Amino acid sequence: MTPLQGSWVEPRPTALLVLADGTVIEGFGIGALGEASGEVCFNTAMTG
C-alpha cells in the first residue's frame, strides 16, 4: 500500500450557515443531502 492509498478520505459536503446580519459560517454537512431553512435557537442557561 502506498501512502496515498491509505490517506484517501471520502469528501464531505460543505455547509453554510447564513445569519440575518449577513455573517456566513462555513462547515461540513452531516445527514441527508439537500437544502433546508429554519430557525436555530441557543439556550445558554445553566441547568443542574
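Under the simplified labelling scheme, the R12-V24 pair shows an inter-label distance of 2.0 nm, with each label point 7 Å from Cα along Cα→Cβ.
Once backbone amide H atoms are built at 1.01 Å from N, A15 has G27, F28, G29 as its partners under 5 Å, excluding neighbours fewer than 5 places away on the same chain.
Every number in this text was worked out from the coordinates using simple rules, so none of it is lab data. Owing to the predicted nature of the structure, the values given are computational and were not obtained by experimental measurement. Don't worry about glycine lacking a Cβ; one is built from the backbone with ideal geometry, like all the others, and counts go over all protein chains shown.
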